[in-house]
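Report on one structure; see the data block that follows.
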Amino acid sequence: MKKHGMMGIGALIIFIALILVAAIAAAVLITTGGSLQQKALVTGVQTEEGVTSGIEVTNVIGSDAADATSHRIGDFKMMMRVKSGSSGLNMNNTILTIDTDDASNTRTYGGVLPTDSTTASTQNFMVYYVQYGPNYQPGYLNRGDTINMVFHVENEITENQQVRLKIIPRVGQYTQVDFFTPDSMTQQNINLWPN
């Protein structure tokens with residue numbers, strides 16, 4: 001009888017040890033699963049924001065920097081808004097690149113203009129709010145806002161020249177606009193894109 005009792009206690013000890021090992025393994029799996037789920041949620045939100053966020057350009061207008069006889073464009077005005085489904089964009093974190101056949105320029109945010117103007121430095125782009133959305137904040141492009149991005153180029157752009165404008169926000173997709181200047185530029189303000 002004593003041997004049967006000893007075997008029963010040994011089996012009980014082994015059974016309890018197995019339950020403890022299984023409990024520890026389950027706790028590790030639950031903790032790891034929760035951590036992975038949290039990381040997956042964060043990654044999903046960041047991916048969704050990166051895919052849906054961005055800027056939609058509605059038109060680009062060029063102004064003759066000097067007069068109607070110079071046939072060169074030095075000042076630009078680009079109207080834009082956020083893409084549908086996009087969250088607001090901080091213009092401080094946005095870069096504008098201007099590429100032509102003979103020059104490449106980069107501009108950063110320089111502030112808000114009080115009135116619609118083509119005055120901008122050669123180092124920065126400025127914005128003017130054409131329409132204020134319900135979540136308007138100066139220096140941000142939110143849903144419902146429409147802005148004109150105003151900038152100047154040092155090397156004025158001549159007739160029949162290819163231009164590529166690229167707006168690169170910190171989060172989201174960049175927006176690229178390609179166009180050729182007209183063969184003959186005889187007006188002070190010229191609609192460059194869309195043609």
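Is region 125-145 home to any residue that is closer than 24 Å to His71 by Cα and either free of Cβ contacts under 8 Å to residues at least 24 places away in the same chain or surrounded by fewer than 17 Cβ atoms within 10 Å (Cβ to Cβ) (or both)? Scanning region 125-145 turns up no residue that is closer than 24 Å to His71 by Cα and either free of Cβ contacts under 8 Å to residues at least 24 places away in the same chain or surrounded by fewer than 17 Cβ atoms within 10 Å (Cβ to Cβ) (or both).
Yes or no: Leu165 part of a strand (DSSP E or B) and farther than 15 Å from Ala103 by Cα? Reasoning before the result, please.
Numbers: part of a strand (DSSP E or B): yes; farther than 15 Å from Ala103 by Cα: no.
In short, no.
Here's a check for you: in region 25-82, which residue that is assigned to a helix (DSSP H, G or I) and hydroxyl-bearing (Ser, Thr, Tyr) is modelled with the lowest pLDDT? Filtering region 25-82 for residues that are assigned to a helix (DSSP H, G or I) and hydroxyl-bearing (Ser, Thr, Tyr), the one modelled with the lowest pLDDT comes out as Thr52. Restricting the first member to region 76-104 and to residues that are closer than 12 Å to Gly172 by Cα and in the same structural domain as Asn189 (by TED's automatic domain parsing), and the second to residues that are of a type in the set (D, E, K, R) and in a helix (DSSP H, G or I), the beta-carbon pairs closer than 8 Å and six or more apart or on different chains are Ser87/Glu49. The set of residues in region 84-111 being farther than 20 Å from Gly74 by Cα and of a type in the set (A, V, I, L, M, F, W, C) consists of Leu89, Met91.
Residues of region 177-188 that are surrounded by 13 or more Cβ atoms within 10 Å (Cβ to Cβ) and either free of Cβ contacts under 8 Å to residues at least 24 places away in the same chain or assigned to a strand (DSSP E or B) (or both): Val177, Phe179, Phe180, Pro182.
The values are calculated or read from the model by the stated rules, or taken from the named source; none is laboratory data. Predicted model, so just to flag it, every value in this text is computed and none were measured. For neighbour counting, all protein chains shown are included, and Cβ atoms are generated from backbone atoms with ideal geometry for every residue, glycine included.
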